[in-house]
1. Taking 0.36 nm per intervening residue step and subtracting the Cα-Cα distance, what contour gain separates residue 64 from residue 51 on full extension?
2. Using heavy-atom solvent-accessible surface (probe 1.4 Å) with all chains present, what is the largest-first order of 102, 46?
3. Counting only the heavy atoms of the protein chains, how much of residue 164 is accessible to a 1.4 Å probe, in Å² to the nearest 10?
4. With the cut-off at 1.5 for a/c, could you classify region 88-202 from its C-alpha gyration tensor as rounded, prolate or oblate?
5. Based on the alpha-carbon set only, what is the convex hull volume of the chain divided per residue, in Å³?
6. Mind running the shape call on region 12-86? Use the C-alpha gyration tensor, a ≥ b ≥ c as the square roots of the eigenvalues: rounded below 1.5 for a/c, prolate if a/b tops b/c, oblate otherwise.
7. In Å², and per residue, what accessible area does region 48-202 have when probed at 1.4 Å with the other protein chains present?
8. Can you run phi through the Karplus equation (6.51, -1.76, 1.60; θ = phi - 60°) for region 137-151 and list ³J(HN,Hα) in whole Hz, with x for Gly and Pro?
Amino acid sequence: MRTPHDLASRLIERKVDVCFAQADHDRDARIELADVSLLFVRILVYLGEPLGSRKAQAVLAASQGFCDHIAAVTGWRPDRAITPEEWREAMAKALIGGAADYDAYFKPVGEAVWSAVDRDDDGQIRLTEFTAFQQGMGTPAPNIALAAARMGLPTGTSEVPLGDILRTHREFYTSDDPEAAGNWLYGDVWADEFWDGTKAGL
């Protein structure tokens, strides 16, 4: 298995590619803004969260804010499909403000989604909840297992504080530290199952 140490200088870029693969469900190397929005609906469906519930509406509102931000900084129109390379540029622009942009547009999505993942509102994420989230994201089974182990969820009785998961969420999108726990949020970021490197020109 490869690790982030192999290509540390391209770690953020590779994690952005993972995000593209999550939205590109038909694997045609193109995504539209609607694909990004639909990814959040998929998560809610896999979690069993009614789309009209308070939690679901919070997720949809936060994801809409994220998509609006992406569109505003890139000029990305709803009817235009973009490539992995363009997605990299879009994400770079979306986070050009660093921590401030993360807090304004990425953090609300993370908080809303992981609140929905926490099915019983006890502030703990369990393996069943984590797995349902990952299935909604389209994460391959081997990477779900790897991510769960790395997040501290090796068995069905394990649980991780919601605050810890939110920290790894932040690290995934912002950290270029090869040792950051958040690098493993979706498993092995270098795994071929996430993306065919020839398509993205990696």
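The values are calculated or read from the model by the stated rules, or taken from the named source; none is laboratory data. Owing to the predicted nature of the structure, the values given are computational and were not obtained by experimental measurement. Don't worry about glycine lacking a Cβ; one is built from the backbone with ideal geometry, like all the others, and counts go over all protein chains shown. Note: areas computed on protein heavy atoms with side chains; ligands, DNA, RNA excluded. Shrake-Rupley method; radii C 1.70, N 1.55, O 1.52, S 1.80 Å.
1. In short, 3.2 nm is gained.
2. Highest to lowest solvent-accessible surface, that is 46, 102.
3. 60
4. Here region 88-202 falls in the oblate category.
5. 111
6. Note, shape of region 12-86 comes out prolate.
7. With the other protein chains kept in place, region 48-202 gives 44 Å² per residue.
8. 6, x, 5, x, 3, x, 6, 4, 5, 5, 4, 4, 5, 5, 7
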